[in-house]
1. Of the conditions (1) at positive phi; (2) in contact with a helix residue (DSSP H, G or I) (Cβ under 6 Å, 6 or more places away or on another chain), residue 279 satisfies every one except a single condition; which number is it?
2. Going by what's in this entry, would residue 311 be described as in contact with a helix residue (DSSP H, G or I) (Cβ under 7 Å, 6 or more places away or on another chain) and at negative phi?
3. Kindly provide the set of residues from the stretch 12-22 that are within 11 Å of residue 47 (Cα to Cα) and touching a helix residue (DSSP H, G or I) at 6+ places or on another chain (Cβ under 7 Å), ordered by number.
4. Does the stretch 363-375 contain at least one residue that is surrounded by fewer than 16 Cβ atoms within 10 Å (Cβ to Cβ), without any contact (Cβ under 8 Å) to a residue 40 or more places away in the chain, within 26 Å of residue 143 (Cβ to Cβ) and out of contact with any helix residue (DSSP H, G or I) (no Cβ under 6 Å at 6 or more places or on another chain)?
5. I'd like to verify a number: residues in the stretch 314-332 that are closer than 26 Å to residue 111 by Cα, assigned to a helix (DSSP H, G or I) and more than 10 Å from the chain's Cα centre (by Cα), how many?
6. So if I check each of 229, 202, which one is touching a strand residue (DSSP E or B) at 6+ places or on another chain (Cβ under 9 Å), surrounded by fewer than 19 Cβ atoms within 10 Å (Cβ to Cβ) and either without any contact (Cβ under 8 Å) to a residue 12 or more places away in the chain or not in a helix (DSSP H, G or I) (or both)?
7. When you scan the stretch 271-284, how many residues do you find that are farther than 11 Å from residue 370 by Cβ and either outside the structural domain of residue 312 (by TED's automatic domain parsing) or surrounded by fewer than 23 Cβ atoms within 10 Å (Cβ to Cβ) (or both)?
8. When you check residue 380 against the structure, is it over 30 Å from residue 111 (Cβ atoms) and surrounded by fewer than 21 Cβ atoms within 10 Å (Cβ to Cβ), yes or no?
């Protein structure tokens with residue numbers, strides 16, 4: 001089957017779908033990943049075909065609006081910056097999605113290009129499937145993750161999002177124009193999303209473990225929790241001699257990284273994390289990420305991109321931003337963690353990690369200081385219960401087969 005996966009965003013938004021694509025290809029499917037040019041090497045390096053989608057997430061996050069969005073976190077104050085970035089993101093997306101869909105027999109659609117892909121699939125007669133990295137269907141069990149980790153009661157959790165689905169948006173005119181261009185009745189973004197959520201025949205598969213978020217009983221049919229998708233370590237990959245020597249030179253270090261978050265704050269954050277490691281009396285591997293963290297010394301090593309599935313199990317604890325993809329890597333590694341959520345869905349995942357008992361507690365990015373981080377690191381490393389629970393959970397997560405549900409849906413579509 002000719003499968004096109006569409007996704008855009010940070011590395012954490014793309015890597016899980018590259019991993020899924022690798023496994024679908026191994027099962028006999030012909031797989032293309034459509035994403036932004038900045039992730040082309042990630043796709044082709046895994047042996048998958050690449051097609052371009054517009055935009056540059058790294059540049060967007062480094063922009064003034066990106067900085068405002070990050071600083072506002074998961075609050076209503078983030079909405080104006082989100083809307084401006086969203087308008088920029090929409091430029092050319094519809095036509096790029098149409099081009100990427102050419103020749104496909106099924107479209108697997110991640111969050112950002114999902115609505116354009118859903119419409120393109122209708123116009124072209126191509127089946128589509130939604131792929132989500134966080135819970136996307138309303139439930140009484142908890143609010144949608146972009147509203148944070150605080151419950152609003154069962155009625156509030158289930159209905160908090162509804163005003164957004166019925167309110168006019170700055171994107172409606174763009175979507176109506178796209179609908180007309182492809183021969184569909186013109187509808188705005190809220191109507192499209194309501195249709196997707198209500199259609200029990202439209203599959204929505206969630207790429208995270210049911211051990212961290214079980215499938216809510218009030219979800220509609222077709223909305224499933226599949227398990228994690230992750231990119232396998234390339235067989236030719238080897239750690240640098242510098243990293244190998246550092247790991248061999250002493251006890252397991254603590255990993256500290258913020259992934260694609262906090263772009264432009266590298267100097268300030270580097271000082272905080274180095275001082276925290278010194279106060280906690282631990283060695284540290286610091287991942288530069290988009291923030292540009294950098295430090296050097298006998299007990300500190302700065303690294304670039306390293307496969308998390310190789311690095312994380314070798315660490316004593318993991319300080320990370322609790323993005324969806326990184327959260328999955330933390331769980332698979334079986335290592336205690338200190339989540340430092342910045343924005344988006346990160347507070348949701350950070351709260352889940354704490355409730356699972358593998359973290360001494362959430363340290364919000366806005367309250368990040370060297371003493372506070374040092375105290376959390378001491379707890380994560382020094383109190384054995386966190387690591388013991390993480391190891392048990394890691395064994396269970398690694399035994400899951402997250403691709404199996406996707407393969408079953410593809411088989412059902414091929415048979416239908």
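The values are calculated or read from the model by the stated rules, or taken from the named source; none is laboratory data. Bear in mind the structure is a predicted one, so any value in this text is a computation, not a measurement. Using ideal geometry, Cβ is built from the backbone for each residue, glycine included, and neighbour counts are taken over all protein chains shown.
1. Unmet for residue 279, out of (1) at positive phi; (2) in contact with a helix residue (DSSP H, G or I) (Cβ under 6 Å, 6 or more places away or on another chain): (1).
2. Working: in contact with a helix residue (DSSP H, G or I) (Cβ under 7 Å, 6 or more places away or on another chain): no; at negative phi: yes.
It is false that residue 311 is in contact with a helix residue (DSSP H, G or I) (Cβ under 7 Å, 6 or more places away or on another chain) and at negative phi.
3. Passing the criteria: only 18.
4. yes
5. Qualifying residue count for the region: 4.
6. Numbers: 229 fails: surrounded by fewer than 19 Cβ atoms within 10 Å (Cβ to Cβ).
Sole residue among the options that is touching a strand residue (DSSP E or B) at 6+ places or on another chain (Cβ under 9 Å), surrounded by fewer than 19 Cβ atoms within 10 Å (Cβ to Cβ) and either without any contact (Cβ under 8 Å) to a residue 12 or more places away in the chain or not in a helix (DSSP H, G or I) (or both): 202.
7. Our first condition is that a residue be farther than 11 Å from residue 370 by Cβ; within the stretch 271-284, this holds for 281-284.
Pick out the ones that are also either outside the structural domain of residue 312 (by TED's automatic domain parsing) or surrounded by fewer than 23 Cβ atoms within 10 Å (Cβ to Cβ) (or both) and you get 281, 283.
Of the residues in the stretch 271-284, 2 are farther than 11 Å from residue 370 by Cβ and either outside the structural domain of residue 312 (by TED's automatic domain parsing) or surrounded by fewer than 23 Cβ atoms within 10 Å (Cβ to Cβ) (or both).
8. Working: over 30 Å from residue 111 (Cβ atoms): yes; surrounded by fewer than 21 Cβ atoms within 10 Å (Cβ to Cβ): no.
It is false that residue 380 is over 30 Å from residue 111 (Cβ atoms) and surrounded by fewer than 21 Cβ atoms within 10 Å (Cβ to Cβ).
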